[in-house]
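Written below as structure tokens is the structure these notes are about.
The values are calculated or read from the model by the stated rules, or taken from the named source; none is laboratory data. All values derive from a computational prediction rather than experimental measurement. Ideal geometry is used to build each Cβ from the backbone, glycine not excepted, and the neighbour counts take in all protein chains shown.
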Amino acid sequence: MKTIAYCDPFVPAEWIAAHEMRPSRIMPSTAPASGAVIGMCPYARSFVSEIASRDDVDAVVLATTCDQMRRASETLAKSSGVEVFLLNVPATWQTTTAYRIYGDELRRLGRLLVRLGGTAPSLDDLARTMAEHEAARSTILAAQGRLSARQFSQALADFQYGDKVDLDSFEPCARPRGVPVALVGGPLLRSHFALFDWIECAGGHVALNATTSGERTLPALFDRRELGDDPFATLVNAYFGSIPDIFRRPNSELYRWLKQKIVERDIRGVIFRYYTWCDLWHAEAPRLKEWLGLPLLVLVAGDEEGLDRRDASRIQSFLEMLK
Amino acid sequence: MTEPPRQITLDEWDARHEALRAGGLQEPFYGGPLRRHVADGDFRLLRLRFDDSAAALRLWNFLLTEEDRLHAARAAGKKIVGAMKDLGTVPVMAYSLPNLVAFYPDGAWWIPCVMELSAPVFRAADSLGVDESFCPVRAMLGAFVTGGHFPFPDLLTCSVGATCDDFSAVAQRLNGLGYPILWWEIPARRRPDADEDAIELPGGFRAPAAQVAYVKAELERVRESLDTLAGERLDETALAAGIRTANCVRRLLAELRSLVFTAALCPLPALEMLIAEMLAIHFCSDREETIAVLRDLLHEVKGRIERGQGVLNGDAVRVFWVNPVADLRAMNLLEECGGRIGGTDYLFCHALDEIPENLPPMEALARTALADPMVGPASDRAGRICREIRRFGAEALVVSRIPGASHCATEGDVIREMAQSQTEIPTVEIEVPPVCDSLQATLRTRLEALIETARERRNR
């Protein structure tokens with residue numbers, strides 16, 4: 001089975017799987033040690049580097065959800081031998097045109113998958129694949145209470161990567177007692193999972209992973225009645241119509257979602273993290289602080305391979321303040 | 001015997017203005033000596049060198065009085081449209097209605113340069129968390145919140161989608177502060193698949209017909225808002241007339257560019273050409289006067305070419321310049337280093353291409369908007385640049401990075417590599433901040449090296 005790699009949450013794994021291909025959401029392990037480019041987002045660089053170094057990827061799907069990744073698609077097409085598909089995800093979302101563009105783009109992706117050897121799914125096949133994926137996602141989501149924040153995020157990343165996730169293999173963890181905080185921002189690298197440990201060591205716990213790699217970007221639950229009638233439209237609505245993200249214009253739904261979750265989870269502080277040169281997240285830091293009305297710690301992820309050790313003491317100070 | 005044209009300082013312009021007036025120069029309502037703009041805070045003028053023609057004087061005065069025109073338009077009861085991240089589409093629509101005036105708020109990115117950082121626009125942007133890691137267009141955010149640089153528009157539009165993250169982030173920040181914005185989608189232009197209907201766009205790019213249809217639908221939303229604002233329908237006849245007038249501007253610029261870039265002696269300096277090209281974006285808030293200003297410039301250029309006159313040495317190297325500079329002084333610097341402008345892509349070459357007049361107007365505008373070199377792959381843009389390099393006979397290429405701009409991280413390499421492989425001309429990438437004085441020595445060295453290399457190639 002061919003592997004289709006992607007990193008953007010607006011790429012529906014179900015759509016790829018329904019074409020009898022293996023969807024694999026890549027979370028780069030670490031930033032490359034060399035080759036930093038002035039102005040280029042370290043995450044985009046990490047993703048390009050990760051794909052270029054692999055030989056198990058048959059095609060890669062990038063999305064237009066940020067300019068850096070849009071342009072990275074060209075870099076990747078040039079530097080690697082894999083087929084690169086740029087999925088046009090509209091920034092606007094309040095119009096029928098925006099939904100039409102997204103739906104048409106998924107159909108175009110489907111045509112590519114067929115060209116690569118996949119099979120165009122029947123509506124029943126699509127509905128069945130969607131239901132299976134949703135069931136698997138729900139299992140992981142249901143385990144959220146008995147996994148640590150790190151375990152949960154890793155399980156989610158492993159599932160999206162395409163690995164079989166054995167939830168029972170995780171060591172049981174005690175009910176978190178630290179200060180509940182939200183981790184908000186762009187995508188994580190695997191080497192960033194240590195952040196969860198740092199936060200716990202400092203007396204907190206991530207009660208809401210609202211990074212692009214976390215639960216924020218999971219699709220909405222499929223409407224069961226619509227799923228039977230029109231699975232494709234259901235898919236479009238669950239992804240394009242539901243995922244709140246920073247690039248959307250306006251990005252008001254992201255704020256609504258955060259506000260709701262922060263109340264639900266009794267969040268007392270926000271750790272906000274963005275990559276150097278990521279304008280979309282960077283510009284929102286002051287507004288987040290005003291809008292959420294909570295203490296906000298801003299961390300900037302640069303070109304370093306792992307985490308910046310100085311952030312550990314900043315997290316510690318932040319949590320001491322919250323206690 | 002006509003005095004040969006030359007570049008002069010602002011001090012020299014005082015005497016030159018008096019002499020022109022004494023010689024019978026009739027100026028338009030916004031005319032006058034350039035020095036008065038320094039009193040308004042435009043201190044950068046003191047460090048620039050200007051073309052000494054009456055046509056250039058008119059051009060500068062036209063540019064530097066835009067704010068007055070906008071206020072006058074409002075006082076006259078016209079509605080003002082701020083067309084953000086829109087290089088020549090919504091303004092064409094807005095000017096098709098008699099009681100609308102459109103301007104380009106992004107143009108505020110030149111405020112820090114022109115006012116030599118004396119205006120607090122960057123400070124205001126900093127205070128809102130939009131610091132120097134962003135493109136200088138963040139000055140627009142500061143200009144909105146501090147006021148005083150343009151009247152607040154009655155309608156703000158902004159194209160989003162395949163735009164730079166800097167602008168998208170700045171516009172969203174503005175929206176988050178409570179400024180309503182009509183967002184319209186410009187999808188990332190892609191090359192059509194083999195089994196798709198394809199459409200040739202102005203400028204030579206191709207796009208899937210479906211993408212043109214999306215943009216058309218989005219522009220229809222903009223049209224509805226303009227209708228509401230104006231209180232009258234922007235019908236096909238009015239829009240077609242608006243397109244014809246916009247094309248008049250574009251044809252004048254096309255002729256001007258072709259003459260200036262290819263003349264044996266450079267008939268008009270780089271700085272004045274940059275400003276002339278900018279007029280295409282939104283007509284500097286007065287469409288008819290834009291035409292008059294460009295006609296004057298064209299007349300001056302033609303006269304100079306006929307007389308065999310130029311403003312630079314005959315051996316000046318023709319340089320193709322990519323991206324607008326945040327500091328206007330850089331254009332003077334190129335000429336001081338022995339270069340001249342021999343082709344440009346200031347990010348808005350689609351605003352210089354004629355809008356098709358043989359199509360339904362909205363279809364024509366959609367195609368033009370999608371022809372924006374910045375919404376497609378960098379290799380498309382590079383391909384167009386290579387074609388223009390060959391067309392104008394440019395001998396060197398400068399890619400001028402815009403500090404912090406998301407597109408500049410990687411596109412420079414794409415453009416330079418293609419130019420080197422397809423045209424074999426020497427290239428350089430530089431970065432020009434809003435006030436480049438502290439970097440002038442470095443920039444000069446790099447530009448001189450480029451010019452020397454290009455001259456060396458002439459002797460091969």
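Some points to look at:
- Some residue of segment A:58-66 being charged (D, E, K, R), within 30 Å of residue A:308 (Cα to Cα) and surrounded by fewer than 21 Cβ atoms within 10 Å (Cβ to Cβ): no
- Answer residue from segment B:217-226, given it is within 12 Å of chain A (Cβ to nearest Cβ) and hydrophobic (A, V, I, L, M, F, W, C) and is farthest from residue B:92 (Cα to Cα) among those: B:217
- Residue B:417 within 23 Å of the chain's Cα centre (by Cα) and either surrounded by 15 or more Cβ atoms within 10 Å (Cβ to Cβ) or within 25 Å of residue A:40 (Cα to Cα) (or both): no
- A single entry from B:94, B:139, B:125, B:56 fulfils the requirement of being away from chain A (no Cβ under 13 Å), surrounded by 24 or more Cβ atoms within 10 Å (Cβ to Cβ), closer than 26 Å to residue B:438 by Cα and of a type in the set (A, V, I, L, M): B:139.
- All of (1) modelled with pLDDT of 95 or more; (2) over 19 Å from residue A:185 (Cβ atoms) hold for residue A:283 with one exception: (2).
- All positions within segment A:124-163 that are of a type in the set (Val, Ile, Thr) and surrounded by 19 or more Cβ atoms within 10 Å (Cβ to Cβ): A:129, A:140
- Some residue of segment A:30-42 being touching a Lys or Arg at 6+ places or on another chain (Cβ under 8 Å), free of Cβ contacts under 8 Å to residues at least 12 places away in the same chain, within 27 Å of residue A:233 (Cβ to Cβ) and within 11 Å of chain B (Cβ to nearest Cβ): no
- Candidates B:177, B:252, B:229 - the one that is within 30 Å of residue B:404 (Cα to Cα) and surrounded by fewer than 22 Cβ atoms within 10 Å (Cβ to Cβ): B:177
- Flag if residue A:231 is modelled with pLDDT of 95 or more, within 14 Å of chain B (Cβ to nearest Cβ) and closer than 30 Å to residue A:129 by Cβ: no
- Filter pass, residue A:209 being under 13 Å from the mean Cα position of the chain (by Cα) and modelled with pLDDT of 95 or more: yes
- Lone unmet requirement of (1) within 19 Å of residue A:81 (Cα to Cα); (2) in a loop (DSSP other than H, G, I, E, B); (3) in contact with a helix residue (DSSP H, G or I) (Cβ under 9 Å, 6 or more places away or on another chain); (4) not acidic (Asp, Glu) for residue A:35: (1)
- Within segment A:264-323, the residues that satisfy the criterion of being within 14 Å of chain B (Cβ to nearest Cβ), assigned to a loop (DSSP other than H, G, I, E, B) and over 19 Å from residue A:254 (Cβ atoms) are A:276, A:277, A:302, A:303.
- Total residues in segment A:78-96, condition in contact with an Asp or Glu (Cβ under 9 Å, 6 or more places away or on another chain), modelled with pLDDT of 95 or more and not in a strand (DSSP E or B): 6
- Verdict on residue A:277 being over 21 Å from residue B:138 (Cα atoms) and among the aromatic types (Phe, Trp, Tyr): no
- Restricting B:425, B:451 to those that are more than 22 Å from the chain's Cα centre (by Cα), crowded, with 19+ Cβ neighbours inside 10 Å and in a loop (DSSP other than H, G, I, E, B) reduces the list to B:425.
- Just one of the listed residues (A:225, A:265, A:273) is surrounded by fewer than 16 Cβ atoms within 10 Å (Cβ to Cβ) and touching a strand residue (DSSP E or B) at 6+ places or on another chain (Cβ under 7 Å), namely A:265.
- Matching residues, segment B:302-311, being under 9 Å from residue B:266 (Cα atoms) and surrounded by fewer than 22 Cβ atoms within 10 Å (Cβ to Cβ): B:305, B:309
- Residues in segment A:43-78 that are over 19 Å from residue B:374 (Cα atoms), of a type in the set (Ser, Thr, Tyr) and within 11 Å of chain B (Cβ to nearest Cβ): there are none.
- Within segment B:169-216, considering residues that are in a helix (DSSP H, G or I) and among the small types (Gly, Ala, Ser), the one farthest from the other protein chains (Cβ to nearest Cβ): B:209
- Residue in segment A:106-117 that is over 21 Å from residue A:14 (Cβ atoms) and in contact (Cβ under 8 Å) with a residue 40 or more places away in the chain present: no
- Residue B:260 being buried (at least 18 other Cβ atoms within 10 Å of the Cβ), touching a strand residue (DSSP E or B) at 6+ places or on another chain (Cβ under 9 Å) and at pLDDT 95 or above: yes
- Within segment A:10-23, the set of residues being outside any loop (DSSP other than H, G, I, E, B) and surrounded by fewer than 22 Cβ atoms within 10 Å (Cβ to Cβ) comprises A:22 only.
- Residues of segment B:142-174 satisfying the condition of being among the charged types (D, E, K, R) and either buried (at least 23 other Cβ atoms within 10 Å of the Cβ) or under 18 Å from residue B:407 (Cβ atoms) (or both): B:165, B:166, B:173
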